1. So the check is Cβ under 8 Å with 6+ separation or different chains; which pairs have a first residue in the range 264-282 that's in contact (Cβ under 8 Å) with a residue 12 or more places away in the chain and a second one that's part of a strand (DSSP E or B) and hydroxyl-bearing (S, T, Y)?
2. Would you check if E192 is assigned to a loop (DSSP other than H, G, I, E, B) and either buried (at least 18 other Cβ atoms within 10 Å of the Cβ) or touching a residue at least 12 places away in the same chain (Cβ under 8 Å) (or both)?
3. Looking at the range 122-134, is at least one residue closer than 20 Å to I3 by Cα, touching a residue at least 24 places away in the same chain (Cβ under 8 Å) and surrounded by 19 or more Cβ atoms within 10 Å (Cβ to Cβ)?
4. Give me the residue from the range 128-151 that is modelled with pLDDT of 95 or more and not in a loop (DSSP other than H, G, I, E, B) and, out of that set, farthest from the chain's Cα centre (by Cα).
5. Can you find a residue in the range 4-21 that is among the hydrophobic types (A, V, I, L, M, F, W, C), in a loop (DSSP other than H, G, I, E, B) and closer than 19 Å to R338 by Cβ?
6. For the range 232-245, enumerate the residues that are surrounded by 14 or more Cβ atoms within 10 Å (Cβ to Cβ) and under 14 Å from S182 (Cα atoms).
7. Anything in the range 246-286 that is surrounded by fewer than 24 Cβ atoms within 10 Å (Cβ to Cβ) and farther than 24 Å from L114 by Cα? List them, or say none.
8. All but one of (1) surrounded by fewer than 21 Cβ atoms within 10 Å (Cβ to Cβ); (2) in contact with a helix residue (DSSP H, G or I) (Cβ under 9 Å, 6 or more places away or on another chain) hold for C83, so report the exception by its number.
Amino acid sequence: MKIAQIAPLAERVPPLLYGGTERIVSYLTEELVRQGHEVTLFASGDSLTSAALVAGCGTALRLDGRGHDPIPHYMLHLEAVRCRAAEFDILHFHVDLIHFPVVREFAHRTLTTLHGRLDLPDLPAVYDVFDDLPLVSISMAQRRPLPGVAWAGMIHHGLPAGLLPFQPTPAGGYLAFLGRISPEKRPDRAIEIARRAGLPLRIAAKVDPADQAYWDEVIEPLVRANPLVEYVGEIGEAEKAAFLGDALALLFPIDWPEPFGLVMIEAMSCGTPTIAFGCGSVPEIIEDGVTGFVVGDMDAAVAAVARAARLDRAQIRRSFERRFTVVRMAADYVDLYRSLEEGHAGGTFDGAIQAAAGRRPAGGGISLPLAGR
C-alpha cells in the first residue's frame, strides 16, 4: 500500500526526549516500511526515518528555542499533504483535528488516530460537524465522552520488541516516575507513596512552560524536602531501558482520564510492574496482579509496593509480547486501512466505516460497530 503518515510538529519523529505521539508514529512508520509498504512521513525536517520524509518545518518546534506560533507551520504542513493526497491509498493523521477542514474531499482515504483526551467541552460540536472522517481511539476509555462519532476502531499502542529489553533482576532498588510534571500526572502522589514505603524515588520528567508554576510551587519543594527523592530531568530513549528496567516498580498515580499511557507498556517491556491508579485506560492496559496493580487510593498504592516485588517479571514481559508489540499494532492498522478501502469500493462512507467496524484486527486492536450515525 501507499501510505502517508502525518505527524505533529512539536517533536521530531522519533522524539529526541519526551513525545508519546511522535514515538508511536515512528514505531508504526518503520514497521510499515519493514513490511514492504511504500510510506511517506510528513513530519519535522529533523526527523529520522526509513520512509520518504516531507518536512513540515525545519526542526521540531518545542526544542528549537524560538517560541514559534505553530499555526503557520501547520498550515504549510497540511497544504503539503493536500497537494500530494492523490498519491496515497491511505492518509493516516496523528494531529488531532486541525486537518479536518482540509481533507473532506478525500475523507474516505483518511484515518485519524486521536491521541489526546476527549472530555473537553469544546470538542463535541467539532465532531458533530466533521462526522465524515474515520477515527481510531487508542483505548476504549478514551472514547467514552464521544461514543457517537465515526469510530472505525480501537487500536492499542505497541513498541518494537527489542527496544526496551527484559531485565529479570532490577539493580536499582528504587521506584520510578517517568513522564511529565503536571497536576494530572500526580508526581506529588508518587513522592508520598515512596516516602510511606521507605524507598527511593527517581523522577524522570519534563516540565512544560504551562506547568512551570506547579513545579516551582508544589513539586520542587517536595523533592527538596525528601532526601529519598531524586529528580533526574527529562530523559531520552537511550536512557529509558536502564531507568525502567532497574526499577522495582513504576508509579503511575494519575488523576485524569489517561487516553493510553505509553510508559506502562514501556515498563512492561522491561518486566517492571506498574502501580497505577485506575483512571482512564489503566484497567485496559494493566492486568491487575499480573503486570502490576490497579489501585484506588494511597493506602492501596503503598501496600502494592511490597506486593510488586512478588510479581513474575518474566510473565510481565510475556504479556507485553502478547499484547503490545509494534508488529501487532501495525497489523491492526493495515487491517483497518484495507477495511476502509474495501468499504469505500461499495460506494459510501458508511460502507467504509461499517467494513472497518465489522472486522476485528488480529492481536490487541478492537473494532466496534458505529454508533449514533
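1. M264/T274; A267/T274; M268/T274
2. no
3. yes
4. So, considering only residues that are modelled with pLDDT of 95 or more and not in a loop (DSSP other than H, G, I, E, B), the one farthest from the chain's Cα centre (by Cα) is L135.
5. Among the residues of the range 4-21, not one is among the hydrophobic types (A, V, I, L, M, F, W, C), in a loop (DSSP other than H, G, I, E, B) and closer than 19 Å to R338 by Cβ, which makes the answer no.
6. Hit for the range 232-245 is E234, nothing else.
7. Answer for the range 246-286, where residues must be surrounded by fewer than 24 Cβ atoms within 10 Å (Cβ to Cβ) and farther than 24 Å from L114 by Cα: D246, L248.
8. (2)
The values are calculated or read from the model by the stated rules, or taken from the named source; none is laboratory data. From a predicted model like this one, the values you see are computed outputs, not experimental measurements. Because the Cβ atoms are built from the backbone with ideal geometry, glycine has one as well, and the counts that use them run over all protein chains shown.
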